[in-house]
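To start, the structure under review is shown below, and the notes come after it.
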Amino acid sequence: MEKLRRVLNGQDDEEQGLTSQVLDASSLSFNTRLKWFAICFVCGIFCSILGTGLLWLPGGIKLFAVFYTLGNLAALASTCFLMGPMKQLKKMFETTRLFATIIMLLCFVFTLCAALWWHKKGLAVLFCILQFLSMTWYSLSYIPYARDAVIKCCSSVLS
């Protein structure tokens, strides 16, 4: 469809840069992107739920931290199928999402560190909670005025 639009606008493939030609040649169809988004997102949810279930086993804090973090990473990576990995990275580090992205990525790392190397169960659970909150805040940044609505709702509840 994009090629047809370029031809109708009078733009040839020769005017296009090499990077655009490569990305255009390797792009997936919308249905394929949607299917892989759903598969990756469902796998992420499954891993997060599995990790939460493993928390209650003896010594399951390590498995919980690993599976919960992998689940969140898979859910985050699933959006790469919808918009492409480079566009996803550019949007992640825009000024409106920069703080949430950095906190989210730090929580991923600190959760794994707390569970696997530092052996601090409480700290691992705290970082998982912060992971959830930062992923939620990051996700809300894609919905217009959602962050403002959440802030107003929380401030009205607290006052």
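The table that follows gives values for the structure above.
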| read-out | value |
| --- | --- |
| Any hit, segment 42-53, residues being over 22 Å from Leu123 (Cα atoms), without any contact (Cβ under 8 Å) to a residue 12 or more places away in the chain and part of a helix (DSSP H, G or I) | yes |
| Pairs where the first residue, in segment 68-87, is under 17 Å from Asn31 (Cα atoms) and the second is open to solvent by less than 20 Å² (accessible area, probe 1.4 Å) and part of a helix (DSSP H, G or I), C-beta under 6 Å, 6+ apart | Thr79/Gln88; Cys80/Gln88 |
| Selected residue (criterion: surrounded by the most Cβ atoms within 10 Å (Cβ to Cβ)) from residues of segment 62-83 that are more than 24 Å from Trp36 (Cα to Cα) and of a type in the set (A, V, I, L, M, F, W, C) | Ala65 |
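The values are calculated or read from the model by the stated rules, or taken from the named source; none is laboratory data. Keep in mind the model is a prediction, meaning the values are calculated, not measured. So basically every Cβ, Gly included, is an ideal-geometry build from the backbone, and we count neighbours across all protein chains shown. Remember, those area values only see protein heavy atoms, side chains included, never the ligands or the DNA or RNA. Shrake-Rupley method; radii C 1.70, N 1.55, O 1.52, S 1.80 Å.
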